[in-house]
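Just so it is clear, none of the values below were taken in a lab; they were calculated from the coordinates. For clarity, every value in this text was computed on a predicted model and none was experimentally measured. When we count neighbours, we look across all protein chains shown, and the Cβ atoms used for this are built from the backbone with ideal geometry, even at glycine.
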Amino acid sequence: MFFAWPNFSPLQWAAILGGALLFVGVTCFSVYDALRRDFGSSNAKLIWVQLAVMVPFFGGLAYLIFGRKRGRKL
């Protein structure tokens with residue numbers, strides 16, 4: 001067999017899955033929110049979406065901290 005599953009406790013598995021869900025959740029919410037906002041140009045919207053996708057988690061956090069203030073809700 002090429003791969004053996006690590007022998008983690010249920011609490012460790014919960015922490016790993018919780019971290020992964022947080023990671024994916026921040027990225028997905030950032031993309032969703034950026035697509036629903038008007039940034040004045042489609043290039044700015046595209047840059048924020050690319051940042052959130054290409055730099056997972058940290059790109060999403062950057063959007064949530066800086067990008068949400070620049071765009072206005074449609």
Practice problem: Evaluate the distance, in nm, between pseudo-label points positioned 7 Å from the Cα of A4 and of L21 along their respective Cα→Cβ axes. | Solution: 3.0 nm
Quiz item: Between A62 and L11, what is the spin-label point distance in nm, taking each point 7 Å from the Cα along the Cα→C-beta axis?
Solution: 3.7 nm
Quiz item: Hey, rough spin-label estimate for K73 and A44, points 7 angstrom out along Cα→Cβ, what's it come to in nanometres?
Solution: 1.8 nm
Self-check item: Over the chain: Kirkwood hydrodynamic radius from C-alpha pairwise inverse distances, Å
Solution: 13.7 Å
Quiz item: For helix 10-35, what angle does its Cα long axis make with the longest principal axis of the chain, in degrees from 0 to 90 and rounded to 10?
Solution: 20 degrees
